[in-house]
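A short worksheet on the structure shown next.
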Amino acid sequence: MTIPRLHRLDKNAIHLIFTTDFTQRLNHTLSWLGLLCLYVAMVSGAIYYPGANAAVSGDYMMFQLADKYNDKKAQYIVGRKYYTGTGVSKDLDEAVKYLSRSAQQGYDKAQYLLGKMNLYGEGVPTNFLAAYDLLNSAAEQANPEARFELANVLFHDKYGRKDTQRAIKLYEQAAEDRHIAAQYFIGVIFYEGKSTAVDQIKGKKWLKIAAANGFKRASDYLATLEQKPPGKTTVASKAPVAKQVSKAKASGKNSFSKTSPESKNFSKILDSAKSGDVDSQYLAGMAFLNGENTEKNALLSVYWIRKAAEQDHAGAQHKLGILYRDGIGVAKSESEAIKWFRLAASWGISNAQRDLESLLRNQLIQNSNGFGKNPELSKPEYQYLLGMMYVKGSGVEKDPSTAAQWLLKAAQQNHIEAQYQLGQMYKTGLGVQANSSQAKTWLSKAADGGLEKASESLKAMMNAEEQRLLENDINALTNSPVYAYLEQANKGDVDSQYKLGMMYLTGDGIGKDSKKAIRYLQLAAEDDHIDAQLQLADLYLVGLELEKDFFAAAKWYKKAAEQGSPDAQYNLGNLYRKGMGVHKSNSKAMKWYRLAAKQGHLKARNRLGGCRMC
């Protein structure tokens, strides 16, 4: 790269300072490029690397970004490494140090983790006020983990900061941002009406999403709803029960005496079932199915279980699917079994999902000679299962490429698990060419559908890319044309110091950075580099990149003038004529004008009245 000998301010602009009342400072916005300075330290051998036990060069560079150049993302990554003991020895003191520096720069991930450490006394004494401020700041930046943690504090009245309405809002925001625990908590809050109006439909929706995402507490909670005693659950809808009662009366004698506790308990359940209580209908059906406190009666079992299933009782839907699959009390029907398994699975009932997949898989295997002609394969559930069969080699020969084709068909029909699996395949290159963009696309779709493992996979992918981009930025600089100047500048070469200073000043081939520009220009100027002295004088005179300082301007103009620079001689003459930074002296002004004019400086000649024999 060619560097002109002198990249200086417009001489006419400088001339205006002496000939008019121009005093307004020029506006100039500079950007920082801290990464480049890494190579100054690398070349000089003065690199300080606290993470000496970090194993890879990427960590080495990350520590430099964090320590030397105050990069907030790098500081967070290093802090997290110390917090988890990943790649370095676990050290909470070091974690606090790096996370604090990142948090002070407003990085939400660092604020969340540091807030959590303050809240629970990890690496620092418990400090609720600090924890609250940090979590609140991160939550305001839409950090889902911070929103959830802050919601816990506000909802459970920790440390006297109870604010249930804000907590509920934070839980819901975090849930919408796919925070799985928040989905469970907000589901319970709405379902039970904790500090808000009861909304069981909304509550079940969130519980269902959390359960589908693999959150065990949500699945357990839904399971308890299926088994609650009569009267504990709101009746979903009261269908006419006259027909139910007449059928129940025709069910035959109870095998227990009417005065036995078991008989009384079953009678209460049956009465509640006849009144339309959905949980009692399910319990009555199970009692008739198993002969508990009554005689076995498969027909009545199906009758009551169907009543509950039709009112969205997930356990009843699953059981009805089993009855259809096995032909108990009804004619065996795989299509009906699939229908009810699918409904139960949609509520997060894992056993129903397994039974559904098993039934679908068996159908596919039985028709393995005609996959392409099977009309069921237009449905995403079948496409997904067939894809997974090819992934695992279950019932068919293992073939990742064919698996990807079937998973794509299902994913395009919004099958969440298929979207996740396809994203993972693009991420790892299994059966397809690895493609980061495609991986993120499909994982994002699955995450948007509420699949937590897709969210986690996407988050891990983004974190890895974030770190890789920082490392790539550093590595890319080794091919930068400024590297040679950095190397020579660190060895004391004044021309390289001047050129590097001008590059930082003008942004020519490098990001603008006034502090680095001034530093390198001063190094060269102090070593009598005329152009560097003249450039510094110009900057001080105009007040560009530096505070306006006529005394400093006069100092550097004089040094350059004494070395024979006609521009410096002319400008120094102007300072003496105006009395700027020096005592006003027309004789000294004329002296410097003459010296400049002798070297052909036109403006100096004009000052002298066009004198040709000066």
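The values are calculated or read from the model by the stated rules, or taken from the named source; none is laboratory data. Quick caveat: nothing in here was measured; it's all calculated off a predicted structure. Cβ placement follows ideal geometry from the backbone for every residue including glycine, while neighbour counts extend to all protein chains displayed. SASA here: full protein model, heavy atoms, side chains in, ligands and nucleic acids out. Shrake-Rupley method; radii C 1.70, N 1.55, O 1.52, S 1.80 Å.
Mind telling me which of the residues Ser514, Ser496, Ser480 ends up being among the hydroxyl-bearing types (Ser, Thr, Tyr) and modelled with pLDDT under 80? Talk me through it step by step, then tell me what you get.
Details: Ser514 fails: modelled with pLDDT under 80; Ser496 fails: modelled with pLDDT under 80.
Just one listed residue meets the conditions, Ser480.
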Checked against (1) under 27 Å from Arg178 (Cα atoms); (2) in a helix (DSSP H, G or I), Gly106 satisfies every condition except (2)
Take the conditions out of contact with any Lys or Arg (no Cβ under 8 Å at 6 or more places or on another chain) and either modelled with pLDDT of 90 or more or among the basic types (Lys, Arg) (or both) and apply them to Lys398. Does it pass? no
For residues that are surrounded by fewer than 22 Cβ atoms within 10 Å (Cβ to Cβ) and closer than 14 Å to Lys427 by Cα, scanning just region 437-452, find the one that is modelled with the highest pLDDT. Gln438
Filter result (of a type outside the set (Asp, Glu) and either within 20 Å of Gly85 (Cβ to Cβ) or in contact with a strand residue (DSSP E or B) (Cβ under 6 Å, 6 or more places away or on another chain) (or both)) within region 119-144: Tyr120, Gly121, Gly123, Val124
Hey, any hits in region 358-379 for a residue that's at pLDDT 75 or above, over 19 Å from His318 (Cα atoms) and open to solvent by less than 40 Å² (accessible area, probe 1.4 Å)? no
Gly543 fails exactly one of the following numbered conditions: (1) in contact (Cβ under 8 Å) with a residue 60 or more places away in the chain; (2) within 21 Å of Tyr498 (Cβ to Cβ); (3) of a type in the set (Gly, Ala, Ser). What is the number of that condition? (2)
Only one of these is at pLDDT 90 or above and in a helix (DSSP H, G or I): Asp93, Asp59. Name it. Asp93
Can you list residue pairs whose Cβ atoms sit under 6 Å apart, with the first residue in region 324-342 being under 12 Å from Ala309 (Cβ atoms) and the second being in a loop (DSSP other than H, G, I, E, B) and among the β-branched types (Val, Ile, Thr)? Count only pairs 6 or more apart in sequence or on different chains. Tyr324/Val330
Within region 414-453, how many residues are part of a loop (DSSP other than H, G, I, E, B) and either farther than 19 Å from Gln353 by Cβ or in contact (Cβ under 8 Å) with a residue 60 or more places away in the chain (or both)? 9
Kindly check whether there is at least one residue in region 331-344 that is among the hydroxyl-bearing types (Ser, Thr, Tyr), at pLDDT 85 or above and not in a helix (DSSP H, G or I). yes
Those residues that are closer than 19 Å to Gly329 by Cβ and surrounded by fewer than 24 Cβ atoms within 10 Å (Cβ to Cβ), I need them from region 275-286; list them, please. Met286
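Only helices (runs of 4 or more DSSP H) wholly contained in region 513-614 count here; list those with 1 or more residues that are open to solvent by less than 40 Å² (accessible area, probe 1.4 Å) and basic (Lys, Arg).
Result: 514-526.
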For region 65-110, how many residues are open to solvent by 40 Å² or more (accessible area, probe 1.4 Å) and more than 19 Å from Met462 (Cβ to Cβ)? 13
